[in-house]
Amino acid sequence: MTKKLLVANWKANPDSPGRALVLAKKIEKATPKSKVVEVVIAPPFPFLLPVAKVLKKAKLGAQDVFWEDIGPYTSEISWHQLKHLKVAYVIVGHSERRRLLRETDDIVNKKVLAALKAGLKVILCVGEPKAIRKKGIGAAKNYVKSQLQKDLRGLKPKTKKLVIAYEPIWAIGTGAPDKPEDTVKMAQFIKTSLNTKFKILNTRILYGGSVTGKNAAAFLKHGGIGGALVGGASLKPKEFGKIITIASKIK
Ligand code: PGA
């Protein structure tokens, strides 16, 4: 089985570089030496550099990337800059950006293609809102399928370095995660869609949305779920450490 990928998405936390370093060091310590699990820390941009300096086993992720090259794009972050900081993964299309910053599928698509072209690994976030899920898992699959079609338009067949994070919006930060059996179905559906459309096999599908030390095993024990994108619990080193331990023990 491919090793699980655990991504700590710190969002706009913590408030100081000092606290970011403490957190990063603890997560680094909890990351096993042997490569049984892959751990990625995605801090806010201003903390990428100090965090990078303390990571040896865990890898560095960024929470966003701009699609254009360097140039006159005030406040944007180019993949050049990320690559110089040894960023390995970028999160693209998180629902908070889609919702709060009106990031459209068109924008997400440009970011995915640019980041992949630059050689970065992309974690594309997809997931349906509550109103859709209320109509059933079939409606949720259709929603996700449409996101994939738009966000991956123009993707080269057999693309490697793509990870999909299935994050139902209603499960993010609510303490009410998806049912693992529904996530398994969705993960299989996403894999089949990617295989049919882009001839991509074995993409890792992560689950995200209120993952904790308590519920992580119920998701990660399934071969079809390739890991987790963790928000709130990644700010609590003990809790995230528990998730790392669970993931590293899964055979
Ligand atoms: P959460 O966030 O773990 O706090 O629900 C997950 C995410 O938004 O990536």
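Structure shown: which of LYS3/LYS134; LYS11/LYS56; LYS110/LYS238; LYS33/LYS242 lie over 25 Å apart, alpha-carbon to alpha-carbon? Could the numbers behind the result be given before it?
Details: LYS3/LYS134 33 Å; LYS11/LYS56 22 Å; LYS110/LYS238 37 Å; LYS33/LYS242 16 Å.
Checking Cα-Cα distances, LYS3/LYS134; LYS110/LYS238 exceed 25 Å.
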Before anything else, pin down the relative contact order of the range 136-251: Cα pairs under 8 Å, at least 6 apart, normalised by residue count, whole percent. 26 percent
Largest fluctuation, ILE123, ILE164, ILE200 only, Gaussian network model of the chain with Cα springs under 10 angstrom, belongs to ILE200
For LYS199, the accessible surface traced by a 1.4 Å probe with all protein chains present amounts, in square angstrom to the nearest 10, to 120 Å²
Expected output is a single nm value to one decimal: the length gained when fully extending between ASN142 and LYS161, i.e. 0.36 nm times separation in residues minus the C-alpha distance. What is it? 4.4 nm
Report, to two decimal places, the Cα Rg of the range 32-122 normalised by 2.2 N^0.38 Å (N = number of residues). 1.11
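How big is the Rg/Rh ratio for the chain, C-alpha atoms only, Rh by Kirkwood, two decimals?
My calculation of the ratio gives 0.93.
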What does the helix-only formula give at 222 nm for the chain: each DSSP H stretch with n ≥ 4 adding -39500 (n - 2.57), the total divided by the residues, and the result rounded to the nearest 500 deg cm²/dmol? -12000 deg cm²/dmol
Cα atoms only, the range 53-171: Rg and Dmax in Å? 15.0, 47
Any idea how far apart LYS249 and LEU49 come out in nm if each label point goes 7 Å out from Cα toward Cβ? 4.1 nm
In the range 148-251 the accessible area split gives carbon plus sulfur, as whole percent at 1.4 Å, a share of 57 percent
Pairs of Cα atoms under 8 Å, at least six residues apart: use those to get the relative contact order of the chain, whole percent. 21 percent
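The values are calculated or read from the model by the stated rules, or taken from the named source; none is laboratory data. These figures come from a predicted structure and were not determined experimentally. Neighbour counts are summed over all protein chains in view; Cβ atoms, including those assigned to glycine, are modelled from backbone coordinates with ideal geometry. Keep in mind that these areas ignore ligands, DNA and RNA; they rest on the heavy atoms of the full protein, side chains included. Shrake-Rupley method; radii C 1.70, N 1.55, O 1.52, S 1.80 Å.
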